[in-house]
Amino acid sequence: MATPPRSEFSEMGRRSSTPRYTRRRDRRASLEGWGREGREGRRSGFGAVGLLIFACALIAVAVAADYRLNQDRIYRGIYVGSIDVGGLSPSEAERLVRERSASRLDEITFRGPGDDVTLTAERLGIQVDVGRTVSEAYSVGRSGSILERLGDRFEAATGGVRVDLAVTYDEAAAEAAVQELAGRLDRPPRDAAVSLDGGTVEVRRAESGYRMDREATLANVRQAVDEISGEVEIVGEVLRPAVPTSAAREAEAELSLALQRPLVLRASEQDEEWTFAPAQVAQAIQIQPRGSEIEVSLSQEAFRSLAADMYATLNVPARDAEFEVVGNSVEVIPSQTGLRLQEERFFTALSEGLFQGQHRYELPVVVAEPELTTARAERLKPTTLIGQYRTNYLSYDDDPGRVKNLQIASNAINDTLLAPGEVFSFNALAAPLSYEEAKVIVDGRVETADGGGLCQVSSTLYMAANYAGLDVIERHPHYAELPYIRPGFDATVWFGALDMKFQNTTDGYILIKQQVDESTGDVISRIYGRPTGLEVEMRSEKVFDGTDAEGNPMTRWVTYQRIERGGEVVFDGVLHEDTYRYLKPAETNRPAT
C-alpha cells in the first residue's frame, strides 16, 4: 500500500509491523491488570501474595540475565525495514544497514514500458539517517517502563519488530523527476495510413502511444523509499491507435488491385478507346479514414478532369433546329443530334469494379436528341399572318427626331420570334437603345425628352396583338387622347415604369414584323403564326364627355373585343375602360407621342 504524501518520513526511526512480524503492543495495561488480579487474590490468603513475590523475583532475575547476555547488542527479532539486525552491535548494524540501503536507495530504478530508467537518490531528494535508525532499533526493549520493555522483548521474540529507516524525502524533487520522465515516455498513438506515390502503394504501420499516470507513479516512488526496495513501477496507460495496421493492409490490397494494370475505356459505336496508366488513375483516387477503417474510392470530379478529352468527345450537345427570317417568311435550319455519356451509370460501374481488379469497360454512350427537332420546328414555324395594325404619323408629328425614334424602336422589335407560352416585353427590347429628343407627355403637359414617338410603335403593336387573339398582360392608356390612334386602342410606355406585354398563346411560334414606311408615313405591325382560325373585331366607344369633380374636362372610353373561331364566339366583352384628360397649356403644344 502506498504511503500518504509527506516531505519527511521520520525524524528518528519508526517502528511498525508487517505481515511478517508481530506488531509491537503496549503491554502495560495487560500487566497492570495481572497485578490487580494478584492484589485481589491476596484477600483469599497469604499464598497468593507469596506466589506473586516469587514470580516478580524470577522476572527480575530473567531481565538481569537477559541484559547481561545482550549487553551492547540489539535484541534478536529486531529488523530495520527487511534487514535483520538482531544480535548485532550498533556499529555492526549501522554498517549492515548502510550497505544495504546504499545498494537499494542510492539509485532508484523505474521499470515500465521500454527500457528501465535509473535516477540517483540525490536527484529524487532522498537522504537516509542510518545512525538514528540503528539507535532506534537498539532502544527496542531498553526504553520505557519495565512493563514496556518486557512487552517489546516479548513482541520481538514472538513475531518480530520492524523499525523503519529514517529517511528525509524531497517531494518537489521527486515530482519534477517523475514529470520529466513522463515527458520522455508520453507519446500519442499513430494511426496506420496508406498513401500513393505515383502508382506505388505505401503503408505506414500503426503505433501505440503511452500516457503516464504521474500521481500513481509518484505514489510508487514513496512506497519504494518506504520499503527500501530501490525499484519503482511506472504506472500508465497504453494508447491504442484508432486505425490499426490491419485496416491499412486491407486498403493496400484494394489499391493494388486497382493499380495493377492500365485502365482501358472503349466506346465501340464511336470506335474510340482511351487508356490510362496506373499513375494517372492514382491521381483520381481518394484515401480517407472512416472510424477504424481506411476507405479508398474514386473521385468523380478528379476522374472527370483526368479524362477531360474523353468526356469532350462523348458529350456533344445536340443542336436545336433554328428559325431564319427571310422577308415575311420563316425557314427552318435543321437540328442535329449529339452524343451523351451516361456518366452516372459508367462511374458507378468503374468505382465498384476498379478496386476489385476490373480494368476494361465499355462506355455507355447514347444519342442526344435536340429539344427542338427539324420536324417539330417545321410544325411550329409561323406561316400565316394572324394579326396586323397600322397608324400614320405624317399628319400628326413628322419631326425628324420623332421619325428617327420610330425607326429605332421598330428595328428593335422587327423579326422577333416568340415560342409558345413566351411573353413579349416592349421595354426589354427597346429600352437598351439610344434615342433622339422629341415630344412626350409629362405630368399632363407636352415636353421634349429622349424617346418621343415610341408610344406610337407600342400602340400599333398592341392592336396587332389584339387582332391576333393573343393575351395582353400589361397595357397602360395615355394621359390624353392622341390623334394618331383611336382612344382605347393606345398603349403608352415609359422605361422603368410602364411596359406593354403580351403572351404567345398559340400552339406555334409567332413572328413579329415591325416597320416604318416613310413614303406613306405608316407605322406597321404584323404578327405571323400558325393558322388559328380566329376572327377578331375591335371597337371602342365614348361613354362620357364632361368634367371631373374639380371641373377639369375629361372623356371616358370603353374598348370591346369579339373573337370567333369557326363561327363560334370565343370571347365577346369589355377589354378595358379608359379615362382621358385634356393637355395642360404649354409654350408649345404640338401633338405628343
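The values are calculated or read from the model by the stated rules, or taken from the named source; none is laboratory data. These figures come from a predicted structure and were not determined experimentally. Backbone-built Cβ (ideal geometry, glycine too); neighbour counts: all protein chains shown.
Quick one: in the stretch 309-359, of everything that is among the aliphatic types (A, V, I, L, M) and over 30 Å from A375 (Cα atoms), which residue is farthest from the chain's Cα centre (by Cα)? Before the answer, list the steps.
Initially, the stretch 309-359 is screened for residues among the aliphatic types (A, V, I, L, M), giving 310, 312, 314, 316, 318, 321, 325-326, 330, 332-333, 339, 341, 349-350, 354.
Those still in the list that are over 30 Å from A375 (Cα atoms) too: 310, 349-350, 354.
Working: M310: 33, A349: 29, L350: 28, L354: 29 Å.
Going through the qualifying residues, I end up with M310.
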- prompt: With respect to the numbered conditions (1) over 56 Å from the mean Cα position of the chain (by Cα); (2) crowded, with 22+ Cβ neighbours inside 10 Å, which one is the sole condition not fulfilled by Y462?
  reply: (1)
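Here is a list: L363, L380, L385. Which entry is under 30 Å from V457 (Cβ atoms) and buried (at least 18 other Cβ atoms within 10 Å of the Cβ)?
Values: L363 fails: under 30 Å from V457 (Cβ atoms); L385 fails: buried (at least 18 other Cβ atoms within 10 Å of the Cβ).
After applying the criteria, what remains is L380.
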- request: Considering each of I386, I413, I441 in turn, give the residue that is of a type outside the set (D, E, K, R) and out of contact with any strand residue (DSSP E or B) (no Cβ under 7 Å at 6 or more places or on another chain).
  value: I441
task: Select the strands (runs of 3 or more DSSP E) contained entirely in the stretch 178-240, then report the ones holding at least 1 residues which are of a type in the set (D, E, K, R) and over 34 Å from the mean Cα position of the chain (by Cα).
output: 231-233
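Criterion first (over 18 Å from I74 (Cα atoms) and touching a helix residue (DSSP H, G or I) at 6+ places or on another chain (Cβ under 8 Å)) does L105 satisfy it?
Working: over 18 Å from I74 (Cα atoms): yes; touching a helix residue (DSSP H, G or I) at 6+ places or on another chain (Cβ under 8 Å): yes.
Spelling it out, L105 is indeed over 18 Å from I74 (Cα atoms) and touching a helix residue (DSSP H, G or I) at 6+ places or on another chain (Cβ under 8 Å).
Yes/no per residue for (1) in a strand (DSSP E or B); (2) free of Cβ contacts under 8 Å to residues at least 12 places away in the same chain:
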residue	(1), (2)
E92	no, yes
P113	no, no
L119	yes, no
V134	no, no
G144	no, yes
T168	yes, no
A172	no, no
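Listed here are the residues, each with its yes/no results for (1) crowded, with 23+ Cβ neighbours inside 10 Å; (2) modelled with pLDDT under 95; (3) charged (D, E, K, R).
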{"position": "V472", "(1), (2), (3)": "no, no, no"}
{"position": "P477", "(1), (2), (3)": "no, no, no"}
{"position": "A480", "(1), (2), (3)": "no, yes, no"}
{"position": "P483", "(1), (2), (3)": "no, yes, no"}
{"position": "R486", "(1), (2), (3)": "no, no, yes"}
{"position": "G496", "(1), (2), (3)": "no, yes, no"}
{"position": "T505", "(1), (2), (3)": "no, no, no"}
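Is one or more of the residues making up the stretch 395-402 in contact with a Phe, Trp or Tyr (Cβ under 6 Å, 6 or more places away or on another chain), in contact (Cβ under 8 Å) with a residue 24 or more places away in the chain and either buried (at least 17 other Cβ atoms within 10 Å of the Cβ) or not aromatic (F, W, Y) (or both)?
Just the residues of the stretch 395-402 that are in contact with a Phe, Trp or Tyr (Cβ under 6 Å, 6 or more places away or on another chain), to begin with: 396.
Next, only the ones that are in contact (Cβ under 8 Å) with a residue 24 or more places away in the chain stay: 396.
Then drop every residue that is not either buried (at least 17 other Cβ atoms within 10 Å of the Cβ) or not aromatic (F, W, Y) (or both), which leaves 396.
Taking every residue of the stretch 395-402 in turn, at least one turns out to be in contact with a Phe, Trp or Tyr (Cβ under 6 Å, 6 or more places away or on another chain), in contact (Cβ under 8 Å) with a residue 24 or more places away in the chain and either buried (at least 17 other Cβ atoms within 10 Å of the Cβ) or not aromatic (F, W, Y) (or both).
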query: When the residues of the stretch 325-346 are filtered to those that are among the hydrophobic types (A, V, I, L, M, F, W, C) and surrounded by fewer than 16 Cβ atoms within 10 Å (Cβ to Cβ), which remaining residue is farthest from E252 (Cα to Cα)?
result: V326
message: Please verify whether E577 is in the same structural domain as Y462 (by TED's automatic domain parsing) and assigned to a strand (DSSP E or B), treating the condition exactly as stated.
response: yes
message: I'd like to verify a number: residues in the stretch 401-433 that are modelled with pLDDT of 95 or more, hydrophobic (A, V, I, L, M, F, W, C), in contact with a helix residue (DSSP H, G or I) (Cβ under 9 Å, 6 or more places away or on another chain) and over 14 Å from Q514 (Cα atoms), how many?
response: 1
- request: Examine the stretch 388-398 for a residue that is of a type in the set (D, E) and in the same structural domain as L417 (by TED's automatic domain parsing), and state whether such a residue exists.
  value: yes
- line: Residue pairs qualifying under the 7 Å Cβ cut-off, at least six apart or on distinct chains, with the first in the stretch 188-210 being more than 21 Å from I285 (Cα to Cα) and the second being in a strand (DSSP E or B) and among the acidic types (D, E), are P189/E207; R190/E207
